[in-house]
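Novice: Mind having a look at this structure? Questions to follow.
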Amino acid sequence: MKFAVRTMIGLMLAFAPGLAGAQATDPGDDKTVIFTPDDPDMALATAKARARLDEFLALSEAPPPGTDRFKLKVKVRDGNVTEHFWVIPFRRTETGFVGILANQPEEVHTVVLGQNIEFTRDDISDWGYRSGGRQVGSFTVCVMFKKMSKEEADYMRDKYGFDC
């Protein structure tokens with residue numbers, strides 16, 4: 001069983017006509033890192049994100065000054081394959097959430113970049129936003145840095161404001 005997690009830390013959303021709102025300004029920074037479903041560091045990062053999900057959702061509905069780029073990471077299954085994608089923008093619905101898939105799928109074939117997808121709270125594996133030019137949340141991305149080269153991880157930290 002494959003379990004792919006996307007960084008898409010380069011996703012600085014450009015609202016582009018014809019793409020329903022999602023486009024990476026630096027698609028070369030969209031990285032996929034494969035983890036086993038029972039990876040302890042990824043499980044801890046997901047648990048941390050889920051424990052603070054209500055706090056994040058409240059903040060996203062009334063963003064304080066200096067905050068932007070609120071995003072959710074959502075798992076999508078296709079048979080025995082699971083891939084996680086950033087969804088930007090997103091909103092609550094009566095039955096869960098809806099938003100625009102902001103990554104190009106590599107492993108699953110049931111969704112496409114720019115597609116509006118519906119999902120539930122149980123599908124959320126991470127969240128993040130920017131505050132004062134620094135990343136807040138994005139716990140799974142910090143775990144992914146451990147599997148990247150030092151140079152690549154340092155580049156991503158510096159370029160996108162990660163403090164992990």
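Novice: Run the numbers for residue 106 and residue 92: contour at 0.36 nm per residue of separation, minus the present Cα-Cα distance, in nm.
Specialist: Extra length from residue 106 to residue 92 when fully extended: 2.4 nm.
Novice: Cα gyration tensor of the stretch 59-164, axes a ≥ b ≥ c as square roots of the eigenvalues: rounded (a/c below 1.5), prolate (a/b > b/c) or oblate? Before the final figure, lay out each step's value.
Specialist: Details: a/c = 2.24, a/b = 1.18, b/c = 1.90.
Here the stretch 59-164 falls in the oblate category.
Novice: Label-point separation (nm) for residue 48 and residue 77, each offset 7 Å from Cα along Cα-to-Cβ?
Specialist: Reported label-point gap for residue 48 and residue 77 is 2.7 nm.
Novice: Count the net charge of all other residues whose Cβ sits under 14 Å from the Cβ of residue 115, scoring Lys and Arg as +1 and Asp and Glu as -1.
Specialist: In short, -3.
Novice: Of the listed pairs 73/150; 48/146; 48/75, which have alpha-carbon separations greater than 20 Å here? Working shown, then result.
Specialist: Values: 73/150 24 Å; 48/146 17 Å; 48/75 16 Å.
In this structure, 73/150 exceed 20 Å between Cα atoms.
Novice: For 148, 156, 42, which order do you get if you count the other beta carbons within 10 Å of each Cβ and list the fewest first?
Specialist: 148, 156, 42
Novice: Moving on to the next point. If I model a spin label at residue 120 and residue 164 as a point 7 Å from the Cα along the Cα→Cβ vector, what separation in nanometres do I get?
Specialist: About 2.6 nm, to one decimal.
Every number here is computed from the coordinates shown, using simple stated rules; none is lab data. From a predicted model like this one, the values you see are computed outputs, not experimental measurements. Don't worry about glycine lacking a Cβ; one is built from the backbone with ideal geometry, like all the others, and counts go over all protein chains shown.
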